[in-house]
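Heads up: the structure comes next, in structure tokens.
The values are calculated or read from the model by the stated rules, or taken from the named source; none is laboratory data. Keep in mind it's a predicted model, so treat the numbers as computed, not measured. Here the Cβ positions follow ideal geometry from the backbone for every residue, glycine too, while neighbour counts run over all protein chains shown.
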Amino acid sequence: MLSAFSPSLVALVPEVVYTITTQAALRLGNLSSERASQLRVRKVLHHTTPSGGFVFDVTTLSRVQTPGQGAEQLTAELAPLLAKLVIETDAIGRLVRVLNKRALRQQWEALLPRLQATYRHHPYVPPALLEQLGQVLDEGTALEAMLASSPEYSLLFPPLYGRTFSAEIPVYGTASLPRFVGEIDLPLRTEALLGTPLLAEAAALVSVAGAVDVSHYQADEARKALCTLTDEPNLNTEVQAVHHECYTFGQQHELLEASRYTRADVLGVMSRQLTVLLHTRNH
């Protein structure tokens with residue numbers, strides 16, 4: 001086993017195709033829902049930036065997801081809008097900018113009239129929601145924040161490069177479970193350690209464990225929302241969470257496999273579970 005490992009974006013192979021499978025489940029009282037999707041993307045290293053970052057072309061080759069209604073159906077219809085992205089990362093691999101937002105905005109303007117006609121009288125997709133989606137392309141880094149926190153892109157662009165990992169000294173970081181309660185995210189603090197890879201052709205494995213970051217969790221707002229949803233004013237809304245990530249790097253420091261499992265519970269009230277698996281087409 002390596003005593004230390006520092007993955008480098010400079011050493012990356014120029015092109016990798018990934019399959020990303022996502023499963024999410026929600027239970028709230030007696031109600032439950034599940035959704036699943038599978039995404040195949042091609043990630044091409046384009047060039048470096050003067051600040052030490054990198055630019056990638058990310059092309060969606062295919063996307064399949066379980067049928068949904070309302071907002072989930074709308075998400076599926078918006079998928080072609082993000083089929084071709086030009087993404088800039090910082091030196092550690094974190095997604096920081098989408099460089100082709102002008103082209104995305106033009107595509108959105110062409111798509112909007114059809115969406116307005118389709119969802120004109122839909123009970124779960126009010127006109128204001130379509131307006132908010134358009135604003136994501138206009139307002140600062142809203143699109144970048146949305147992508148960086150999404151299950152697929154958080155694995156596709158992990159902020160692990162240029163850091164040194166060992167089996168003894170953890171590297172601290174953060175993660176989140178998006179929209180844990182309504183629009184409130186569940187923040188997580190993480191620790192990453194070097195592990196033993198299972199793949200014979202792998203160079204290294206980085207394992208990440210996380211727990212609720214209570215100092216950044218909007219606990220009061222989440223409690224109010226849960227009390228309103230359940231019509232129970234005296235709920236105990238303490239959150240218990242389990243979070244694991246795992247990244248297997250190849251000899252050229254490319255991601256061969258990655259996974260994430262997050263489960264967060266408010267006991268007796270609600271539970272959210274998220275599982276994401278990423279692998280190359282050859283594994």
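Restricting the search to the stretch 24-67, which residues are β-branched (Val, Ile, Thr), outside any strand (DSSP E or B) and modelled with pLDDT of 85 or more? Hit for the stretch 24-67 is 49, nothing else. Determine whether residue 278 is among the hydrophobic types (A, V, I, L, M, F, W, C), crowded, with 20+ Cβ neighbours inside 10 Å and either part of a strand (DSSP E or B) or modelled with pLDDT under 95 (or both). Against the criterion (among the hydrophobic types (A, V, I, L, M, F, W, C), crowded, with 20+ Cβ neighbours inside 10 Å and either part of a strand (DSSP E or B) or modelled with pLDDT under 95 (or both)), residue 278 qualifies. Annotation note: of 61, 31, the sole residue that is farther than 30 Å from residue 270 by Cβ and over 17 Å from the mean Cα position of the chain (by Cα) is 61. Residues in the stretch 151-164 that are among the small types (Gly, Ala, Ser) and not in a loop (DSSP other than H, G, I, E, B): 154 only. With the requirement that a residue be in a strand (DSSP E or B) and in contact with a helix residue (DSSP H, G or I) (Cβ under 6 Å, 6 or more places away or on another chain), what does the stretch 177-212 give you? Within the stretch 177-212, 178, 181, 184 qualify.
So for the stretch 93-109 (the condition being modelled with pLDDT of 80 or more, more than 17 Å from residue 53 (Cα to Cα) and β-branched (Val, Ile, Thr)), does at least one residue qualify? No, the stretch 93-109 contains no residue that is modelled with pLDDT of 80 or more, more than 17 Å from residue 53 (Cα to Cα) and β-branched (Val, Ile, Thr). Which one is surrounded by the fewest Cβ atoms within 10 Å (Cβ to Cβ), of the residues in the stretch 119-133 that are without any contact (Cβ under 8 Å) to a residue 12 or more places away in the chain and either farther than 23 Å from residue 183 by Cα or aromatic (Phe, Trp, Tyr) (or both)? If we take residues in the stretch 119-133 being without any contact (Cβ under 8 Å) to a residue 12 or more places away in the chain and either farther than 23 Å from residue 183 by Cα or aromatic (Phe, Trp, Tyr) (or both), then 121 is surrounded by the fewest Cβ atoms within 10 Å (Cβ to Cβ). When the stretch 213-244 is filtered for residues that are part of a loop (DSSP other than H, G, I, E, B) and either over 22 Å from residue 32 (Cβ atoms) or aliphatic (A, V, I, L, M) (or both), the ones remaining, listed by number, are 213, 214, 215, 216, 217, 218, 233, 234, 235, 239.
Summed over the stretch 117-150, the residues that are outside any loop (DSSP other than H, G, I, E, B), at pLDDT below 85 and not hydrophobic (A, V, I, L, M, F, W, C) give a count of 6.
Checking each residue in the stretch 208-222 for being in contact with a strand residue (DSSP E or B) (Cβ under 7 Å, 6 or more places away or on another chain) and either small (Gly, Ala, Ser) or on the phi > 0 side of the Ramachandran plot (or both) picks out 209, 210, 211, 222.
Within the stretch 181-211, the set of residues being surrounded by fewer than 17 Cβ atoms within 10 Å (Cβ to Cβ), at pLDDT 95 or above and hydrophobic (A, V, I, L, M, F, W, C) comprises 193, 209, 211. Taking the stretch 3-25 as the search range and keeping residues that are buried (at least 16 other Cβ atoms within 10 Å of the Cβ) and more than 15 Å from the chain's Cα centre (by Cα), which one is nearest to residue 151 (Cα to Cα)? Among residues in the stretch 3-25 that are buried (at least 16 other Cβ atoms within 10 Å of the Cβ) and more than 15 Å from the chain's Cα centre (by Cα), the one nearest to residue 151 (Cα to Cα) is 16. Among the residues making up the stretch 34-65, those that are among the hydroxyl-bearing types (Ser, Thr, Tyr), surrounded by 13 or more Cβ atoms within 10 Å (Cβ to Cβ) and farther than 14 Å from residue 82 by Cβ are 48, 49. Figure legend. Inter-residue proximity from the stretch 230-255: first residues at pLDDT below 90 and surrounded by fewer than 14 Cβ atoms within 10 Å (Cβ to Cβ), second residues part of a strand (DSSP E or B) and among the small types (Gly, Ala, Ser), beta-carbon distance below 9 Å, spacing 6+ or different chains. No pairs are indicated. Residue-level check: of (1) in a helix (DSSP H, G or I); (2) surrounded by 13 or more Cβ atoms within 10 Å (Cβ to Cβ); (3) modelled with pLDDT of 85 or more, residue 167 misses just (1). If you check 95, 104 for being more than 18 Å from the chain's Cα centre (by Cα) and not hydroxyl-bearing (Ser, Thr, Tyr), only one passes: 104. Taking the stated definitions as given, is residue 3 among the small types (Gly, Ala, Ser) and not in a strand (DSSP E or B)? Yes, satisfied.
Name the single residue that is farthest from residue 7 (Cα to Cα) among those in the stretch 223-273 being touching an Asp or Glu at 6+ places or on another chain (Cβ under 9 Å) and basic (Lys, Arg). Checking each candidate, the answer is 272.
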